[in-house]
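**Student:** This is the structure, below, for whatever I ask next.
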Amino acid sequence: MDHKNIEKANKILSLVYYVVYFAAVLSAVLGYYSTFKGNLVIDSQSQLGITLSSIFIIYIIGSIPLTLAGFHFLTKKWIKLESQPEKIDKYRKYAVWRLVIIGISIAIGVFLFYIIRSQSMIFCAGIAAIALFFCKPTKEKMISELQLFEEE
């Protein structure tokens, strides 16, 4: 088993994972200060508020299941590859994309919560955070999903 590549990929994925959570906190701070003096507040019942909420909810409904299912489908495909470094590289590359797509959902949801002041936005961000929790990178998870242990 290629432990060096696994360790490197896991470090990169862990860094991206925690950067996504930092971006969510930064989004909360940005949202708070944007609305601190009422400068950037959108009425949740206005046409713009309803449109932004609807677009974001549709994005959440589409992106999270597609991202998780698509990554699962791809890992099943990568199992058949002969080269372990190629498997690990593809896994790392697409896992970063998965984390970024779900992370964008969290950050936007938290920011919209402050701007629109709608509880449904924080619930959507919470759904994205739960999805991100299931994407937490570990060496064991990578080895299991790519079935690297069978080649030892």
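**Student:** Which one of 17, 3, 29 has its Cα pushed farthest toward the positive end of the charge dipole of the chain, where Lys and Arg give +1 and Asp and Glu give -1 at the Cβ?
**Tutor:** 29
**Student:** Which whole-angstrom value gives the distance between the alpha carbon centres of segment 84-113 and segment 1-80?
**Tutor:** So the separation of the two Cα centres works out to 7 Å.
**Student:** Any idea what the relative contact order of segment 44-151 is, in percent, if you count C-alpha pairs under 8 Å spaced at least 6 apart?
**Tutor:** 32
**Student:** Which helices pass in the chain if a helix is a full DSSP H run, must span at least 15 angstrom along its long axis by Cα, and must have mean Kyte-Doolittle hydropathy not below 0.5?
**Tutor:** Helix filter hits for the chain: 3-35, 47-78, 84-116, 119-134.
**Student:** Relative to a virtual label point 7 Å from the Cα of residue 21 in the Cα→beta-carbon direction, which members of segment 108-134 show backbone nitrogen distances below 11 Å?
**Tutor:** In segment 108-134, the label zone of residue 21 (backbone N under 11 Å from the point 7 Å along Cα→Cβ) covers 133.
**Student:** List the lysines whose alpha-carbon lies under 25 Å from that of residue 90, not counting same-chain residues fewer than 8 positions away?
**Tutor:** 4, 8, 11, 76, 77, 80, 136, 139, 141
**Student:** May I pose another question? Just the ratio, please: alpha-carbon radius of gyration of segment 1-65 over 2.2 N^0.38 Å, N its number of residues.
**Tutor:** 1.71
**Student:** How do the peptides 33-42, 96-105 rank, highest first, by the average count of neighbouring beta carbon atoms within 10 Å per residue?
**Tutor:** Output ranking for 33-42, 96-105: 96-105, 33-42.
**Student:** Starting from the alpha-carbon convex hull of the chain, give the projected area averaged over all orientations, in nm².
**Tutor:** Approximately 8.8 nm², given one-decimal rounding.
Computed from the coordinates by the stated procedures, all read-outs in this text should not be read as laboratory data. In this text the structure is predicted, and so the values were computed from the model without any measurement. Note that each Cβ is placed from the backbone with ideal geometry, even for glycine, and that neighbours are counted across all protein chains shown.
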